[in-house]
Amino acid sequence: MPISTVSIPIGQWLSTDGRAWWFDSGSLALDFAYTGAMPDDAARETFHSPAELTTWLSERLPLPVSPARSRDLLDAKALRDAIARLAVEASGGGDARTGDIDTINLFAATPDIPPALAGATRQAGRSLASVPQALSTIARDAVGVFAPGNRERIRVCAGEDCSIVYLDTSRAGSRRWCSMQRCGNRSKVRAHRARLAAR
């Protein structure tokens, strides 16, 4: 069963048509991809400043993240865009661009946030993660997400008018919707109305 390689809480609130809904993408890397433009919403952009990048990373990673700089923001967007393109290609059964793979591998090759057990009496390493360490952690998660064993579990929502991509981490591999509260419920309502009309 595919799992994220990083044990970090997954999911975030998205807003579509003025309504907020919870989206569990299945991985930290896909959560990160959905902070920017994806096929379902080309206007989305979460990181208008380095401070917004710092906030997003600090809310998800096990250590606070040192303040991002302008260069960090450019790097983050380059990694994010590569993950987004790979996700879309994988969900459609297409071939990944070599440049996107190279970008993810480059970020994954740098030191990430090291794991640590709680309850220590001494601080081992830094008390703040650097932005490059945070981006490496995301890139390493992306390496796991796009591994050959997971390709069939990178899917597009089955909603009629939805193109959101997610990693199906369900045990049976049977997830169909980006969110039950959004597209799943819409589908159930449509099916119910169709049954009523057929009677």
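Figures for the structure shown
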quantity: Region 151-176: number of residues that are in contact with a Ser or Thr (Cβ under 6 Å, 6 or more places away or on another chain) and of a type in the set (Val, Ile, Thr); calculated: 3
quantity: Lone qualifier among ALA76, ALA90 - being at pLDDT 95 or above and assigned to a helix (DSSP H, G or I); calculated: ALA76
quantity: Only listed residue being surrounded by fewer than 18 Cβ atoms within 10 Å (Cβ to Cβ), among the charged types (D, E, K, R), assigned to a helix (DSSP H, G or I) and out of contact with any Gly (no Cβ under 9 Å at 6 or more places or on another chain), chosen from ASP161, ASP95, ASP141, ASP102; calculated: ASP102
quantity: Residue within region 18-32 that is over 28 Å from CYS157 (Cβ atoms), among the acidic types (Asp, Glu), free of Cβ contacts under 8 Å to residues at least 60 places away in the same chain and surrounded by 20 or more Cβ atoms within 10 Å (Cβ to Cβ) present; calculated: no
quantity: Only listed residue being of a type in the set (A, V, I, L, M, F, W, C) and farther than 18 Å from LEU28 by Cα, chosen from ALA68, ALA109, ALA87; calculated: ALA68
quantity: Index of the failed condition, GLU52 passing every other in (1) out of contact with any strand residue (DSSP E or B) (no Cβ under 9 Å at 6 or more places or on another chain); (2) more than 22 Å from PRO9 (Cα to Cα); calculated: (2)
quantity: Given (1) at pLDDT below 95; (2) in contact with a Phe, Trp or Tyr (Cβ under 6 Å, 6 or more places away or on another chain), index of the condition LEU135 fails; calculated: (1)
quantity: The lone exception for GLN181 - which of (1) part of a helix (DSSP H, G or I); (2) at pLDDT 85 or above it fails; calculated: (2)
quantity: Any chance ASP168 is under 27 Å from LEU106 (Cβ atoms) and at pLDDT 90 or above; calculated: no
quantity: Residue that is farthest from PHE32 (Cα to Cα), among those in region 156-188 that are more than 13 Å from the chain's Cα centre (by Cα) and among the charged types (D, E, K, R); calculated: LYS188
quantity: Residue that is of a type in the set (A, V, I, L, M, F, W, C), open to solvent by 70 Å² or more (accessible area, probe 1.4 Å) and at pLDDT below 95, where the choices are ALA109, ALA43; calculated: ALA43
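The values are calculated or read from the model by the stated rules, or taken from the named source; none is laboratory data. Bear in mind that the values here come from a model prediction, so they are computed numbers and not experimental data. Glycine gets a Cβ as well: all are built from the backbone with ideal geometry, and neighbour counts include every protein chain shown. Side chains included, ligands, DNA and RNA excluded: accessible areas come from the protein's heavy atoms. Shrake-Rupley method; radii C 1.70, N 1.55, O 1.52, S 1.80 Å.
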